[in-house]
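Q: One structure coming up, written as structure tokens, with questions to follow.
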Amino acid sequence: MSRSRRYRCLNCLEHVVTREFDTSHLSVTCPNCGSFERFLNERVFERFQAFEESPPPELAWDRLDRTEKLVVCERLVRSTKTIDDFDIVEEGSA
């Protein structure tokens, strides 16, 4: 028996769908807000919320845009990466 996974609409943050597979996100039309939007894996969304409430100082969280924050959370939840694996690069640096 497979485990159900929950995915949350990134536009309205209210509607949740459940699927029998595990992926980082889905792209579907939200019946709540009507947008064709990404539905983020609930575990990734929970990590994002936790970091929004209590930002990890190692990441300079406030300097990241929403997409960057979501990528960091996705990597932390769905891979073997840790906060130490991320570097903040100043704009114009490479």
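The values are calculated or read from the model by the stated rules, or taken from the named source; none is laboratory data. For clarity, every value in this text was computed on a predicted model and none was experimentally measured. Virtual Cβ from ideal backbone geometry, glycine too; neighbours counted across all protein chains shown. Calculation scope for accessible area: heavy atoms of the full protein, side chains included, ligands and nucleic acids excluded. Shrake-Rupley method; radii C 1.70, N 1.55, O 1.52, S 1.80 Å.
Q: Can you work out ³J(HN,Hα) from phi for every residue in segment 76-81, in order, using Karplus 6.51 cos²θ - 1.76 cosθ + 1.60 and θ = phi - 60°, giving whole Hz and x for Gly and Pro?
A: With coefficients 6.51, -1.76 and 1.60, one gets 5, 7, 10, 9, 8, 5 Hz.
Q: With a 1.4 Å probe and every protein chain left in place, work out the accessible area per residue of segment 21-94 in Å², rounded to a whole number.
A: It amounts to 66 Å² per residue over segment 21-94.
Q: Using θ = phi - 60° and the Karplus curve 6.51 cos²θ - 1.76 cosθ + 1.60, what whole-Hz ³J(HN,Hα) does each residue of segment 9-22 get, with Gly and Pro shown as x?
A: 5, 7, 7, 8, 6, 10, 7, 10, 10, 10, 9, 8, 10, 10
Q: Something else: Report ³J(HN,Hα) in whole Hz for each residue of segment 42-49, in order, from the Karplus equation J = 6.51 cos²θ - 1.76 cosθ + 1.60 where θ = phi - 60°; Gly and Pro get x.
A: 4, 5, 5, 4, 4, 5, 4, 4
Q: For the chain, report the % of Cα-Cα distances exceeding 19 Å.
A: 46
Q: Follow-up question, since we're still on this one. Quick one: with all protein chains in place, what share of the accessible area of the chain is carbon or sulfur, to the nearest percent (1.4 Å probe)?
A: Using a 1.4 Å probe with all protein chains present, the chain comes out at 44 percent carbon and sulfur.
Q: Follow-up. Of Val28, Val71, Val17, which has the most accessible area with a 1.4 Å probe, and how do the rest follow in descending order?
A: Most to least solvent-accessible, the answer reads Val71, Val28, Val17.
Q: Where the only charges are on Cβ atoms (+1 Lys, Arg; -1 Asp, Glu), what is the dipole of the chain about its Cα centre, to the nearest 20 debye?
A: So the dipole magnitude of the chain works out to roughly 600 debye.
Q: Another one. Give the long-range amide H neighbours of Arg38: residues separated by 5 or more places, or on another chain, with amide H under 5 Å away, using H modelled in the peptide plane at 1.01 Å from N.
A: Close amide H contacts, sequence-distant or interchain: Leu10.
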